[in-house]
Structures are given as structure tokens and as C-alpha cells.
């Protein structure tokens, strides 16, 4: 398994794949880190699943897909609503 997210500090590093599971509402890859401990990372940040079609179509011009930006917007609105209380 290789980390393919360009902003991740371990970008390009290869690790031993353990499993893929649905955790915290997303597919996450379990792998053995450099110390041999089990760690996890979003599956879409690895070469385990196909890259996001938007990222491929944008040809490197954008690292964010619409789904992630919409989720970020929802989270920010929720934080703003909670701060007003």
C-alpha cells in the first residue's frame, strides 16, 4: 500500500496493507507503520482504491473534490452556529 495524498507527510511511502474498513463514516486502510504498529488512513489517500474522478479530471489543478468542500462548509456552519449559542 502506498500513500498517494500529495500533502500527507508520508506521501510516496509504502506500507504493509492489513485491511480496509468503514470507520468514522469513510473507508480507511489499516496498515503497519514504520514501527510495526497498526495505523489507519483514509482509503482515498492511498493507491488501494481508484483515485477520485474529480482529482483526475482536474489534472492537478485542484486537490479538493466537491464532496469534501461541501462537508467542510457544513462543518464550518455547525461550528458557527455553536459559537453563537
Problem - Test for residue 44: is it surrounded by fewer than 14 Cβ atoms within 10 Å (Cβ to Cβ) and at pLDDT 80 or above - result: no
Exercise for the section: Identify all residues within segment 6-21 that are surrounded by fewer than 15 Cβ atoms within 10 Å (Cβ to Cβ) and not in a strand (DSSP E or B); write none if there are none. Expected result: 6, 7, 8, 9, 11, 12, 13
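Being part of a strand (DSSP E or B) and surrounded by 11 or more Cβ atoms within 10 Å (Cβ to Cβ), is that true of even one residue in segment 57-77? Let's see the steps before the verdict.
The initial filter retains those residues of segment 57-77 that are part of a strand (DSSP E or B), namely none.
Among the residues of segment 57-77, not one is part of a strand (DSSP E or B) and surrounded by 11 or more Cβ atoms within 10 Å (Cβ to Cβ), which makes the answer no.
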Practice task
Among residues belonging to segment 22-37 that are in contact with a helix residue (DSSP H, G or I) (Cβ under 9 Å, 6 or more places away or on another chain) and either exposed (fewer than 14 other Cβ atoms within 10 Å of the Cβ) or in contact (Cβ under 8 Å) with a residue 24 or more places away in the chain (or both), point out the one that is nearest to residue 67 (Cα to Cα).
Solution key: 26
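From the list 40, 50, pick out the single residue that is in a loop (DSSP other than H, G, I, E, B) and either free of Cβ contacts under 8 Å to residues at least 12 places away in the same chain or within 11 Å of the chain's Cα centre (by Cα) (or both). It would help to see each step written out before you state the result.
On the way: 40 fails: in a loop (DSSP other than H, G, I, E, B).
Unique residue meeting the criteria: 50.
The values are calculated or read from the model by the stated rules, or taken from the named source; none is laboratory data. It should be emphasised that the depicted structure is a prediction, and the values quoted were computed from it without experimental measurement. Heads up, the Cβs are rebuilt from the backbone with ideal geometry, glycines too, and the neighbour counts pull from every protein chain shown.
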